[in-house]
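Below is one structure; the comments refer to it alone.
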Amino acid sequence: MSRRLRSGDPCWCGSEAKHKRCHGDHRALRREPVRPGEVGPVRTVPDGIARPDYVGGEPPHSAPLQIFTDPEELRALRRACAVAARVLVETAAHIAPGVTTDELDAAAHAAYLRLGAYPSTLGYGTYRKSICTSVNEVICHGIPDSRPLRDGDIVNIDVTAYIDGFHGDTSATFPVGAVGEPTAGLIHSALDAMHVGIEAVRPGRPVRDIGVAIEAFGRSRGYGVVADYGGHGIGRVFHAPPHISHVEDHRATTLMVPGMVFTVEPMLNAGGPDHDEWDDDWTIACVDGLPSAQFEHTVLVTETGHEILTVVAAG
Ligand code: MF3
Ligand code: CO
Ligand code: CO
């Protein structure tokens, strides 16, 4: 495993200051722990918007690895991904101190419906919200609730849209008001880590390359890279093979081929790797209370490399 930048090392940012005096002061990052708020009523979707099969039943236990080469299928996939990207942008515009994560869910829900899409997480197993909102030390799968965002928080918004038979999945982490420099460094590094992983996407190579690249990058900046949650194949199924590890995994031998579609969604922790699941059976949070940041794109393997699909369409 590659070496994690230590507090006495020169900071990764080029300041020539010690990491602990620059972007590595984890104590300065510590905030009051995030506590569960109240989860509001389930939002409805008009009958005219098609639902994925698992709504009202069970998510599939296993799914085949799919390759998309048919132009019609690729067009539908691109559309689902563009819708997810647009919902993310529109939802993020509502972030401000005092806004609750459920108000973000309401904004996202309205955006999906206006664009003719179903929120893939709504009715996915026991999940009952249209996005995930993961605040501060919450790593992933936070449930929107009555907690108002506070100045200095960070929040990841994770959007998955289902339209014309395809899912598109994307997330980003945002500062709320003014965040400290170490927290800003964590957010920027998580974005960079996702792009370092995406750069490793090319046909003929094993998916393992993605995690190797992300882990080395995250550790070189002094962060921990979450090993227990990864990316996933996506398309007609929300969570499909291949599993995309964001850390080195010798079992990740699946070869990337043109037409393969999966997410790259690394989570970087300011502190340690230990995490707990809340009693809601979804929310995953760092036990040391230090923040975690994540970005996610849905990516298509092409003949020459890759294409990021979760981008807002022109026009
Ligand atoms: N969008 C999340 C992902 O990136 C999935 C969350 S599943 C949920 O895979 F049920 F928690 F929403
Ligand atoms: Co997601
Ligand atoms: Co995902």
Relative compactness, the chain, computed as alpha-carbon Rg over 2.2 N^0.38 Å: 0.96
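So what's Rg/Rh here for the range 160-315, counting alpha carbon atoms and using the Kirkwood radius for Rh? Write down the numbers at each step before the final one.
Details: Rg = 15.6 Å, Rh = 16.1 Å.
Ratio of gyration radius to Kirkwood radius: 0.97.
Restricting attention to the range 36-135, which GluC sites (Glu not before Pro) occupy a DSSP loop and are surrounded by at most 12 other Cβ atoms within 10 Å? Spell out each step's value before the answer.
Details: sites: Glu38, Glu72, Glu73, Glu90, Glu103; in loops: Glu38.
Of the GluC sites (Glu not before Pro), the ones in loops of the range 36-135 whose Cβ has at most 12 other Cβ atoms within 10 Å are Glu38.
Please report Met260, Met194, Met267 as a ranked list, fewest other C-beta atoms within 10 angstrom at the top and most at the bottom.
On the way: Met260 24, Met194 28, Met267 32.
The fewest-first ordering by Cβ neighbours comes to Met260, Met194, Met267.
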For the range 1-150, alpha-carbon Rg relative to the globular expectation (2.2 N^0.38 Å, N residues): 1.37
Val99 label point, 7 Å along Cα→Cβ, cut-off 14 Å on backbone N: hits in the range 174-216? 174-178
For the residue pair His188 and Val89, what label-to-label distance in nm results when each label sits 7 Å from Cα along the Cα-to-beta-carbon direction? 2.4 nm
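As a footprinting exposure proxy, order Leu122, Leu186, Leu113 by other Cβ within 10 Å, with the fewest listed first. Could you put the intermediate results ahead of the total?
Values: Leu122 23, Leu186 27, Leu113 19.
Ordered by Cβ neighbours within 10 Å, fewest first: Leu113, Leu122, Leu186.
Every number here is computed from the coordinates shown, using simple stated rules; none is lab data. Remember, predicted model here, so these are calculated numbers, not experimental data. When we count neighbours, we look across all protein chains shown, and the Cβ atoms used for this are built from the backbone with ideal geometry, even at glycine.
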